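This is the structure I have questions about; it appears just below.
The values are calculated or read from the model by the stated rules, or taken from the named source; none is laboratory data. Keep in mind the model is a prediction, meaning the values are calculated, not measured. Here Cβ is always computed from backbone atoms with ideal geometry, including for glycine, and neighbour counts include all displayed protein chains. The protein model used for the area step is the full one, side chains on, heavy atoms only, and it has no ligands, DNA or RNA in it. Shrake-Rupley method; radii C 1.70, N 1.55, O 1.52, S 1.80 Å.
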Amino acid sequence: MSTRFNMAEVNATAYQAGTGMEKALQNSFLTSIQKELIKIRASQINGCAFCLDMHTKNALRYGETPQRIFLLNSWKDARELFTEEEQVILAIAEEVTLISEKGLSEETYQKAKQIFSETRIADIIMAAVTINMWNRIAISTHMPVAE
């Protein structure tokens with residue numbers, strides 16, 4: 001599949017706004033690994049090969065284990081490998097990614113409120129929103145997986 005066009009060149013202003021969202025997340029409470037877990041999980045759901053390749057490599061560089069990456073698609077069946085915080089983060093990431101199914105459920109939101117402040121919940125939501133934006137750009141423009 002060949003790349004259709006380079007979004008950063010064709011619509012630089014909008015693309016830069018997206019990178020601004022990414023930069024804002026650098027100041028969030030989320031650790032590098034937590035951010036990568038969100039990015040990998042959303043990219044799995046969306047089927048974004050470009051982002052899966054990038055973010056699994058990043059996660060490994062940050063010290064994530066191959067086992068947790070391999071099992072991320074079924075984290076609910078491997079809960080013992082993920083902290084309670086990570087489980088809530090992943091639940092939010094999934095529900096935001098699959099927003100048309102039920103939105104961010106009240107059950108997940110209430111669990112999040114038991115662990116995180118509203119500011120931190122906002123960071124998690126924005127991290128999920130941001131990777132979903134990148135997934136949609138990469139899939140729509142056929143961004144190639146790095147070799």
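Within the set of other residues whose C-beta is less than 13 Å from the C-beta of M133, count the net charge using Lys and Arg as +1 and Asp and Glu as -1.
Here the charged neighbours net out to +1.
Continuing with this model, one more query. How much length is gained if the chain between T13 and E80 is pulled fully straight, taking 0.36 nm per residue apart and subtracting their Cα-Cα distance, in nm to one decimal? Please list the in-between numbers first.
Values: separation 67, 0.36 × 67 = 24.12 nm, distance 4.32 nm.
That pair, T13 and E80, stretches by 19.8 nm at full extension.
For the pair S105 and I139, what calculated FRET efficiency results from E = 1/(1 + (r/R0)^6), where r is the Cβ-Cβ distance and R0 = 22 Å, to the nearest 0.05?
0.30
Using the beta-carbon distance between F29 and R4 and R0 = 35 Å, what value does 1/(1 + (r/R0)^6) give for FRET efficiency, to the nearest 0.05?
0.45
Return the single residue from L37, L104, L71 with maximal mean-square fluctuation; model: Gaussian network over the chain, springs between Cα atoms under 10 Å.
L71
When the helices in the chain are scored as -39500 (n - 2.57) per DSSP H run of 4 or longer and the sum is shared across all residues, what 222 nm value do you end up with, to the nearest 500 deg cm²/dmol?
Values: 9 runs with 104 residues, N = 147.
So the calculated ellipticity at 222 nm is -21500 deg cm²/dmol.
So how strong a dipole does region 28-106 carry about its Cα centre when Lys and Arg Cβ are +1 and Asp and Glu Cβ are -1, to the nearest 20 debye?
Approximately 300 debye in magnitude.
Further question on the same structure: For the chain, modelled as a Gaussian network with Cα springs under 10 Å, which listed residue fluctuates most, Q87, Q16, Q114?
Highest fluctuation of the listed residues: Q114.
For I124, what is the net charge nearby, where nearby means another residue's Cβ is under 13 Å from its Cβ and Lys, Arg count +1, Asp, Glu -1?
Net charge in that neighbourhood comes out at 0.
Rank T130, F70, A93 by how far each Cα sits towards the positive end of the charge dipole of the chain (+1 on Lys, Arg Cβ; -1 on Asp, Glu Cβ) and give me just the farthest.
Final value for the positive-end residue is T130.
A further question follows. Compute the accessible area per residue over region 18-147, keeping the other protein chains in place, probe 1.4 Å, unit Å².
Result: 52 Å² per residue.
Looking only at chymotrypsin sites (Phe, Trp or Tyr not before Pro) in DSSP loops with at most 15 other Cβ atoms within 10 Å, what is the longest site-free stretch of the chain?
Longest site-free region, per DSSP loop and neighbour criteria: 63-147.
Using a 1.4 Å probe on the protein chains only, how many percent of the accessible area of region 6-147 belongs to carbon and sulfur?
Working: 4080 of 7700 Å².
Carbon and sulfur atoms account for 53 percent of the accessible area of region 6-147.
Can you give the relative contact order of region 1-125 as a percent, counting alpha carbon pairs under 8 Å and 6+ residues apart?
After rounding, I find 24 percent.
Most mobile of E36, E22, E107 per a Gaussian network model of the chain (Cα springs, under 10 Å)?
Most flexible of the set in this elastic network: E107.
Please calculate the 1.4 Å probe accessible area of T83, with all protein chains present, and give it to the nearest 10 Å².
Looks like 70 Å² after rounding.
Given +1 on the Cβ of Lys and Arg, -1 on the Cβ of Asp and Glu, and no further charges, what dipole in debye does the chain carry about its Cα centre, rounded to the nearest 20?
Working: 15 positive and 18 negative charges, 47 e Å.
The calculation lands at about 220 debye.
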